[in-house]
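Working notes for the structure below.
Any read-out appearing in this document is the output of simple, stated calculations on the displayed coordinates, not a laboratory observation. Note that this is a predicted model, so its numbers are computed, not measured. Virtual Cβ from ideal backbone geometry, glycine too; neighbours counted across all protein chains shown.
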Amino acid sequence: MLFRIYRFDPETEQASSMQEFELPMQRGMMLRDALLLIQEQDESLAFRHSCGEGVCGSDGVNVNGSNTLACITRVADLKEPIEVRPLPGRPVIRDLVVDMSQFYRQYERVDPWLKPSEPLPEKEILQSPAENEKLEGLYECIMCGCCSTACPSFWWNPDKFLGPQALLTACRFLADSRDGDKQARLEYLDDAYKLFRCHTIMSCVEACPKNLNPTKAIGQIKSLMLKDQS
Ligand code: SF4
Ligand code: SF4
Ligand code: FES
């Protein structure tokens with residue numbers, strides 16, 4: 001199998017380049033396994049990974065033009081040459097490692113924690129199965145960033161547009177029966193950039209390795225705003 005891997009070393013004067021590597025095909029090989037074998041050929045190759053099970057969200061990369069997680073991408077399903085690049089639209093630190101600080105800052109801006117109404121019950125805030133069901137498709141996000149880094153609106157305005165991941169999270173807290181801060185959350189999101197820079201292109205949906213639908217979540221937030229204003 002022929003791989004073309006993006007290389008960039010900030011410690012040299014050289015511009016970025018694509019480096020070719022050959023690997024024998026192995027049954028069941030995932031892209032993360034391939035990158036680890038390539039690293040045996042050239043130990044200077046930098047990439048992030050941890051769990052190997054599609055859970056930690058650390059190994060987002062761009063493969064043949066699409067964002068995905070290396071550990072759950074079967075090499076056998078990819079067209080050769082397999083081009084692996086860093087997630088687009090973020091500053092490259094080295095090789096396949098990008099700086100995700102802005103992505104995390106946008107996540108932080110939606111206050112991703114429950115703010116229950118006062119007074120708090122003595123033990124716990126109960127939730128019915130029906131209320132809990134409303135969180136499905138929203139809470140499973142592993143923050144890999146594949147969606148936001150595939151979103152043209154996030155590329156152009158990463159500091160102003162919250163991006164699909166942060167908006168999915170915002171929707172998750174708006175949908176939670178235990179949260180008591182919905183009004184303030186909606187007022188915060190009602191902004192030409194934070195929410196309304198989404199142009200419903202749906203690249204985020206295509207990119208999500210967990211099959212989540214940030215575009216739908218953004219639509220849900222807009223509906224809640226309309227209801228709130230009527
Ligand atoms: S649907 Fe909205 S959030 Fe998703 S990629 Fe398009 S502009 Fe970005
Ligand atoms: S919504 Fe999907 S693509 Fe976006 S960060 Fe969460 S898991 Fe990753
Ligand atoms: S290594 Fe954790 S999601 Fe891929």
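Rg over Rh for the chain works out to 1.04, using Cα positions for both radii and the Kirkwood form for Rh. Dipole size of the chain about its Cα centre, with +1 on Lys/Arg Cβ and -1 on Asp/Glu Cβ: approximately 660 debye, rounded to the nearest 20. For the stretch 138-199, a simple Cβ point-charge model (Lys and Arg +1, Asp and Glu -1, everything else neutral) yields a dipole of about 100 debye relative to the Cα centre.
Only alpha carbons enter this Debye calculation for the stretch 72-148, each as an equal point scatterer, and the log10 of I(q)/I(0) it gives at q = 0.15, 0.21, 0.26 Å⁻¹ is -0.82, -1.12, -1.31.
Across the chain, the longest piece that holds none of the GluC sites (Glu not before Pro) lying in DSSP loops with up to 16 other C-beta atoms within 10 Å covers 141-230. Between the exposed loop cleavage positions of the chain, defined as trypsin sites (Lys or Arg not before Pro) in a non-H, G, I, E, B DSSP state with at most 13 neighbouring beta-carbon atoms within 10 angstrom, the longest gap is 124-230. Each other residue within a Cβ distance under 10 Å of GLU140 adds +1 if Lys or Arg and -1 if Asp or Glu, for a net charge of +1. With all pairs of separate Cα atoms included, the stretch 22-119 yields a Kirkwood hydrodynamic radius of 15.2 Å. For the pair GLU20 and LEU226, label points projected 7 Å from Cα toward Cβ lie 5.4 nm apart. Rg and Dmax of the stretch 101-229, based on Cα coordinates, read 14.5, 47 Å. Build a GNM of the chain with springs between Cα atoms under 10 Å apart, and of THR200, THR215, THR12 the one that fluctuates most is THR12. Taking all Cα pairs closer than 8 Å and separated by 6 or more residues, the relative contact order of the chain comes to 19 percent.
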